[in-house]
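Step one of this worksheet: look at the structure below.
We did not get these values from a lab; they are worked out from the coordinates using the rules stated. Please read these numbers as outputs of a predicted model, since none were measured by experiment. Cβ atoms come from the backbone with ideal geometry, glycine included; neighbour counts cover every protein chain shown.
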Ligand code: O4T
């Protein structure tokens, strides 16, 4: 394929393309953070000169709706970048955005996000909270309300000290999952296990997150996982799937044009809140009867600290419970698949895991930091399969992106799926190569699946630890293989998902 730099048939000197791909551009992302941007090489172009995809907003919305393009939004964006260049404007319905994909532009958005970073709100989610008189959690809050909750939650959820406390809980669940796999292998005559792990991975992430959040096991890794938890997992999936079509329609319009979709969305939310409420009531009751002596999860710490009212704790615990299932299970599935079809990478990581284990029993956080190749594999997975396909920000000041002036308050998106597969950003982007993250090469603003800055994903450390510990224990005990070496087709349902989960074969390592 021609270097896609030439695919960008946009006006502007060809030397611009060459300049973009020289080392100069790459280091500019890091320079962009230090020095104030120098005077623009050329006069800054006006906002209206930014290339635009499709003309009429409402026709675009209709086209998207008819061709169900919402589920291929990531592919539509990738094609648009190839057609219009590294920046283009999109208007779909009432929704107008400037899309970029180069690290240096992500750095610019970071520099102009202000102290209350914002992403596009989700009206159907906020409408549910109002209807049911629930408080909003971090994801839906903005401004001072967001910041005060975030500062309290950071200590227990994402700080190194907070992470160190919940690591042992996640490790126990990862070990139990491996025991469950070993049990199943023993039952099969062939001494191996070929399985669609999709449902089991959701059970693992729900079990692990619930243990870290509430300090109690749900018992999902036994042979007959409990029905109520299965309903919850289904509820999260339904809620995410029904979020997408509602995203582009104002809820009032959605309510009477798509009553069934709206009803399904509300019902899914009610299942989610019911489950989270049960977990919260259990621990709150025990907490009132006697404070726990040892660490028993994030919620207990928040209750002990009493820096946040109970209804705010509940709103955020509900978001963490529901937000930590699919968003961690799906990258795990993609990682196992890529390790299965890249046996050399799998062997190298298995060797790294064995060497880390040979260093003898140590604090888990030290074990995890001694496996850079495994960490790199997770970064490769999130490069090729970013769970959230964009990072959104509203710049608080006018910002210059690709030499165009973008007014403050304009919704800007970094297209992560397109960035991760762009040969202008990653050499041989199709290769699953964890070592690319180890080199001293400038990787600034290239690993953005968890966002950046003060509003980056608060569940980041929880998700990374769950994935690292899971893959570490699985590779220590099994080889992973897959029949189909073909790429997995992806669809976007508010999170990026596999169209069809792959079959994986696990063989015990005696
Ligand atoms: C927003 C959040 C935490 C609730 C139910 C959530 C979810 C969920 C999520 C977590 C990343 C994302 C990406 N979308 O880029 C995919 C479910 C809250 N969540 O899945 Cl109550 N991490 C979503 S994003 O717009 C943040």
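Remarks
- Compactness ratio for the range 377-510: Cα radius of gyration over 2.2 N^0.38 Å (N = residue count) comes to 1.25.
- Linear extension gain, residue 286 paired with residue 344, 0.36 nm per residue minus alpha-carbon span: 16.0 nm
- Taking the helices alone, the chain has a mean residue ellipticity at 222 nm of -17500 deg cm²/dmol, built from -39,500 (n - 2.57) per DSSP H run of at least 4 residues and averaged over all its residues.
- Listed peptides 106-114, 483-491, 278-286 appear in the order 106-114, 278-286, 483-491 once ranked by packing, highest mean of other Cβ atoms within 10 Å at the front.
- Take the Cα of residue 133, go 7 Å toward its beta carbon, and none of the backbone nitrogen atoms of the range 237-271 fall under 11 Å from that spot.
- Neighbour-count ranking [beta-carbon atoms within 10 angstrom, fewest first] of 210, 179: 179, 210
- Cβ-based exposure ranking for 400, 185, in which fewest neighbours within 10 Å come first: 400, 185
- Added length on full extension, which subtracts the Cα-Cα distance from 0.36 nm per residue, residue 509 to residue 365: 49.3 nm
- Taking 0.36 nm per residue of separation and subtracting the Cα-Cα distance, full extension of the segment from residue 144 to residue 189 would add 10.2 nm.
- Calculated FRET efficiency, residue 306 to residue 96, Cβ-Cβ distance, R0 = 60 Å: about 0.90 to the nearest 0.05.
- Relative to the longest principal axis of the Cα atoms of the chain, the long axis of helix 57-66 lies at roughly 40 degrees.
- Residues residue 47 and residue 196, FRET efficiency given R0 of 51 Å [Cβ-Cβ distance, rounded to 0.05]: 0.60
- Ranking of 214, 404, 95 by neighbouring Cβ atoms within 10 Å, starting from the fewest: 95, 404, 214.
- Helix 227-247 axis, angle to the chain major axis (alpha carbon atoms, nearest 10°): 10
- Placing dummy labels 7 Å off each Cα toward the beta-carbon, the span from residue 435 to residue 115 is 4.6 nm.
- Kirkwood analysis of the Cα pair distances in the chain returns a hydrodynamic radius of 24.2 Å.
- Axis angle, to the nearest 10 degrees, between helix 460-477 and the longest C-alpha principal axis of the chain: 60 degrees.
- Mean Cα-pair separation over length for the range 105-508, i.e. relative contact order, pairs under 8 Å, 6 or more apart, %: 27
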